[in-house]
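**Q** Mind having a look at this structure? Questions to follow.
The values are calculated or read from the model by the stated rules, or taken from the named source; none is laboratory data. Computed from a prediction, not measured in an experiment: that's the story for all the values here. Heads up, the Cβs are rebuilt from the backbone with ideal geometry, glycines too, and the neighbour counts pull from every protein chain shown.
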Amino acid sequence: MVNETSRWSPTDYAQNASFVPELGAAALALLDPKPGEMILDLGCGDGALTEKIAAAGAGVIGFDSSPEMVEAARARGIDAFVVDAETLADPEQAERFGHFDAVFSNAALHWMLDADAVASGVFAMLKDGGRFAGEMGGDGNIATLRGAIRAEITARGHVLPETDPQWYPGVEEFTRLYGVAGFADVRAELIDRPTPLPSGIAAWVKTFRAGWLDQAMVPEWERDEIGRGVEKRVEGALRQADGSWFADYVRLRFWMRKPE
């Protein structure tokens, strides 16, 4: 089932989230795409990193749950499809798209709440000996930001779910889950990565928590106010001396393979 809080505007994403693909270089290096390979970009977004995989000479298609983002990826010339990652283990998915030499995912797995289904699905879509590499939010990711958003929305009388609708695992949890799915040589590490936000905190909230605000039934007129309120709450922790903002990102970077 698609995470209802994962809602994206390609325009807002292009304006306020360009750092996501720009900082995906390390994950892309782990993937190490080769000419002639067929690669799946899982959670491809607007296709900015998918383009770089294609530029390496590999064949590539993108999957994303957002029709708007898939349309933006197609505008770049990417073969992108609206696919729920939790359905990849269904035999008809491999029948339709084939099997891949590698699967790549950047900044997307944490939105996919049935992690077991995703792991089994990636395994099913890979050829024997294929690899899965990428990066996602890890344990402790945006803890300060998440706390401030929850406090601001709750203070305004809106109701949020008890737990945040994202999955930010630690290394042990992640490696165990993918090992159970059948993968070998699972390698994962947590990386503290304070990330500059050129557009500021309020723009980040508008872009990355649009679906969450939908779920809390926050009216459009109040959303900019909430963004400014969150900025005030995190100013002491996430504002630099020069006035610029950053987010307290923690990333989980990983590589694994499907046995021969």
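**Q** Output the qualifying pairs, or none if there are none: Cβ atoms under 8 angstrom, residues six or more apart or on different chains, first residue in the range 138-155 and under 23 Å from M217 (Cβ atoms) and in contact (Cβ under 8 Å) with a residue 24 or more places away in the chain, second residue aromatic (F, W, Y) and part of a helix (DSSP H, G or I).
**A** L145/W204; I149/W212
**Q** For R209, are the conditions met, namely being of a type outside the set (A, V, I, L, M, F, W, C), more than 23 Å from A26 (Cα to Cα), surrounded by 20 or more Cβ atoms within 10 Å (Cβ to Cβ) and out of contact with any Cys (no Cβ under 8 Å at 6 or more places or on another chain)?
**A** The answer is yes for R209.
**Q** What are the residues in the range 77-103 that are in contact (Cβ under 8 Å) with a residue 60 or more places away in the chain, touching a Pro at 6+ places or on another chain (Cβ under 9 Å) and more than 17 Å from G130 (Cα to Cα), if any?
**A** none
**Q** Residue by residue through the range 114-141, note down the ones that are touching a Phe, Trp or Tyr at 6+ places or on another chain (Cβ under 8 Å), outside any strand (DSSP E or B) and farther than 16 Å from L252 by Cα.
**A** If the condition is that a residue be touching a Phe, Trp or Tyr at 6+ places or on another chain (Cβ under 8 Å), outside any strand (DSSP E or B) and farther than 16 Å from L252 by Cα, then V122, F123, M125 are the ones that fit.
**Q** Considering only the range 207-256, state which residues are in a strand (DSSP E or B) and either closer than 30 Å to A184 by Cβ or basic (K, R) (or both).
**A** R239, Y249, V250, R251, L252, R253, F254, W255, M256
**Q** Checking the condition at pLDDT 95 or above and more than 20 Å from Y249 (Cα to Cα), which residue from V186, V171, V159 passes?
**A** It is V186.
**Q** Would you be able to say whether some residue in the range 6-23 is modelled with pLDDT of 95 or more, charged (D, E, K, R) and in a loop (DSSP other than H, G, I, E, B)?
**A** Scanning the range 6-23 turns up no residue that is modelled with pLDDT of 95 or more, charged (D, E, K, R) and in a loop (DSSP other than H, G, I, E, B).
**Q** Filter the range 33-76 down to residues that are free of Cβ contacts under 8 Å to residues at least 24 places away in the same chain and assigned to a loop (DSSP other than H, G, I, E, B), then give me how many there are.
**A** Number of matching residues: 3.
**Q** Condition first: of a type in the set (D, E, K, R) and loosely packed, with under 12 Cβ neighbours inside 10 Å. Can you find one or more residues in the range 212-228 that meet it?
**A** yes
**Q** When you scan the range 70-93, how many residues do you find that are touching a helix residue (DSSP H, G or I) at 6+ places or on another chain (Cβ under 6 Å) and surrounded by 16 or more Cβ atoms within 10 Å (Cβ to Cβ)?
**A** Counting residues in the range 70-93 that are touching a helix residue (DSSP H, G or I) at 6+ places or on another chain (Cβ under 6 Å) and surrounded by 16 or more Cβ atoms within 10 Å (Cβ to Cβ) gives 7.
**Q** In the range 151-199, which residue that is assigned to a strand (DSSP E or B) and small (G, A, S) is surrounded by the most Cβ atoms within 10 Å (Cβ to Cβ)?
**A** A188
**Q** Considering every residue within the range 157-167, establish whether at least one is free of Cβ contacts under 8 Å to residues at least 12 places away in the same chain, of a type in the set (G, A, S) and over 30 Å from K258 (Cα atoms).
**A** Within the range 157-167 (the criterion being free of Cβ contacts under 8 Å to residues at least 12 places away in the same chain, of a type in the set (G, A, S) and over 30 Å from K258 (Cα atoms)), the answer is yes, since at least one residue qualifies.
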